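Single-structure report; data block below.
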Amino acid sequence: MTTETDSSQASAGSTALSNAEQEDRRIGRQLRDLRKSRQMTLNQLAKRVGKSVGYLSQVERGVSSLPIGVLQALSDALGVRVSWFFQPGGSDSAAEQETIVRADQRRAMNLSAIGAREELLSPRLSGQLILIMTRLQPGGSGGETPRERRGEEAGYVESGQLELTIGEQVFLLNPGDSFSLTGEEPHWIRNPGETETRIVWVMTGVEY
């Protein structure tokens, strides 16, 4: 017998899945449109990023996972920053647009297949410092591909646990811990805990 509570929970789960699928498809459409605007074939793009044509075709259709490291490579190949893929957001107030980001108005990007969500904390991307919040669900990570970003960056673990791999070294960080990366080695992140992990990043330059 299905109770009203069971039905509500099933409906909520279905809605969450639908929202995640919509986000994957949104990013996929942006990739496809951007690739076509660059007059680049899937085969050409696949060669540039070292991935198969079949995989990229699935990404463009929103049916395959897209780790942040792969998105970085695709962004480089297409001549845009990763932040180009954030969904619209920002304040409606002209006075705030260049200075303030309200908590409920952050531009964001869901990477549902790897249990990650990136939220832009900076009001603009043209400055020398960029603030990002990464939210990792239990077991969520940066994907199978380590990320390599030019320029320095640092992070602060606001909540949860963070497994940080830099080169061959693996560190376990807890709430209140912070770290710094020089950009000389690829890094990888994972949430090994049972609750959401939130990391606040500060990045130099406009590479993101």
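Take Leu56 and tell me if it is assigned to a helix (DSSP H, G or I) and either open to solvent by less than 10 Å² (accessible area, probe 1.4 Å) or over 24 Å from Thr195 (Cβ atoms) (or both). Taking the combined requirement at face value, the residue satisfies it. Residue check: is Arg81 modelled with pLDDT under 85 and either among the basic types (Lys, Arg) or surrounded by 18 or more Cβ atoms within 10 Å (Cβ to Cβ) (or both)? When the stated conditions are applied, Arg81 passes them. Looking across Gln22, Gln97, Gln87, Gln72, one residue alone is at pLDDT below 90, within 22 Å of Met203 (Cβ to Cβ) and in a helix (DSSP H, G or I). It is Gln72. The residues of the range 187-208 that are within 18 Å of Gly140 (Cα to Cα) and either without any contact (Cβ under 8 Å) to a residue 40 or more places away in the chain or of a type outside the set (D, E, K, R) (or both), listed by number, are His187, Trp188, Ile189, Asn191, Pro192, Gly193, Thr195, Thr197, Ile199, Val200, Trp201.
For the range 147-183, the set of residues classified as open to solvent by 60 Å² or more (accessible area, probe 1.4 Å) and not in a loop (DSSP other than H, G, I, E, B) consists of Tyr156, Glu158, Gln169, Val170, Phe171, Leu172, Ser178, Ser180, listed by residue number. I'd like to check something: does the range 129-145 contain any residue that is part of a loop (DSSP other than H, G, I, E, B), touching a Lys or Arg at 6+ places or on another chain (Cβ under 9 Å), surrounded by fewer than 15 Cβ atoms within 10 Å (Cβ to Cβ) and at pLDDT below 85? No, because not a single residue in the range 129-145 is part of a loop (DSSP other than H, G, I, E, B), touching a Lys or Arg at 6+ places or on another chain (Cβ under 9 Å), surrounded by fewer than 15 Cβ atoms within 10 Å (Cβ to Cβ) and at pLDDT below 85. The residues of the range 31-52 that are farther than 14 Å from Val70 by Cβ, open to solvent by 40 Å² or more (accessible area, probe 1.4 Å) and part of a helix (DSSP H, G or I), listed by number, are Arg32, Asp33, Lys36, Ser37, Asn43, Gln44, Lys47. Would you confirm, using the coordinates I've provided, whether Val63 is of a type in the set (A, V, I, L, M, F, W, C), modelled with pLDDT under 85 and open to solvent by less than 20 Å² (accessible area, probe 1.4 Å)? Considered against the rule, which asks whether it is of a type in the set (A, V, I, L, M, F, W, C), modelled with pLDDT under 85 and open to solvent by less than 20 Å² (accessible area, probe 1.4 Å), Val63 comes out as no.
In summary, Thr195 fulfils each of the numbered conditions (1) open to solvent by 60 Å² or more (accessible area, probe 1.4 Å); (2) on the phi > 0 side of the Ramachandran plot with the single exception of condition (2).
The values are calculated or read from the model by the stated rules, or taken from the named source; none is laboratory data. Computed from a predicted structure; not experimentally measured. Backbone-built Cβ (ideal geometry, glycine too); neighbour counts: all protein chains shown. Each accessible area value is taken on the protein alone, full model and side chains, heavy atoms only, with ligands, DNA and RNA left out. Shrake-Rupley method; radii C 1.70, N 1.55, O 1.52, S 1.80 Å.
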